[in-house]
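In what follows, a single structure is set out as structure tokens and then discussed.
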Amino acid sequence: MTATFRLACFALLLSPVAFLGCAQRSTHPAAMNAVELLDILEDDLKKHDPTSYVENQIGKFKITHVVRDTQRPISVTFDLYAVLPDKKLEDFKASQTDYEQRIRDSVIAIIQFAETEQLLDPSLASLKEEVTSSINRVTKKRLVKDVVFSEFAVEST
């Protein structure tokens, strides 16, 4: 047998190990099970149906934000509401009670460290996305689909 033939046979024998691996499969922390994925898809389908979503108040906020260029403080005030499927409201209320201070702290941090342009954006799209993700991360559940800022005001102090 030639060296090339032996090398080819050896490679052929090791190929299943290379493709299948030797260790146990570990689940990535961000991995979701099938039920979670189906819930997300179902919620996305209903996203345009306002009757299946409810708003739940998170709280009233008055936060000082320092403008980076000028180092001048501005005051940001608003009421914050979580938008979630109506069937998940009770679960969220329980989580909100358990994590109330952590939710408040995360919202305050987001506003304090936001770019001034984000605070002046009429749609507040990037802030909404950050706050939604933060609430879901704090509560360790994907219940909140969106947030609503009410009475949002930015004023010089």
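Being within 16 Å of the chain's Cα centre (by Cα) and under 19 Å from residue 156 (Cα atoms) is a property that holds for residue 124.
Please pick out the residue among 83, 76, 131 that is touching a residue at least 24 places away in the same chain (Cβ under 8 Å) and closer than 18 Å to residue 39 by Cβ. Explain how you work it out, then say what you get.
On the way: 76 fails: closer than 18 Å to residue 39 by Cβ; 131 fails: closer than 18 Å to residue 39 by Cβ.
Checking each option against the conditions leaves just 83.
Counting just the residues of segment 15-71 that are among the acidic types (Asp, Glu) and modelled with pLDDT of 75 or more, which one comes out nearest to the chain's Cα centre (by Cα)? Let's see the steps before the verdict.
Looking only at segment 15-71, we keep the residues that are among the acidic types (Asp, Glu), and these are 36, 39, 42-44, 49, 55, 69.
With the extra rule that they be modelled with pLDDT of 75 or more, the set shrinks to 55, 69.
Details: 55: 17, 69: 29 Å.
Once the filter is applied, the top-ranked residue is 55.
Out of 134, 95, I need the residue that is modelled with pLDDT under 95, crowded, with 17+ Cβ neighbours inside 10 Å, in a helix (DSSP H, G or I) and of a type outside the set (Lys, Arg). Which one? Checking each option against the conditions leaves just 95.
The values are calculated or read from the model by the stated rules, or taken from the named source; none is laboratory data. Keep in mind it's a predicted model, so treat the numbers as computed, not measured. All Cβ positions, even for glycine, are placed from backbone atoms using ideal geometry, and neighbour counts span all protein chains on display.
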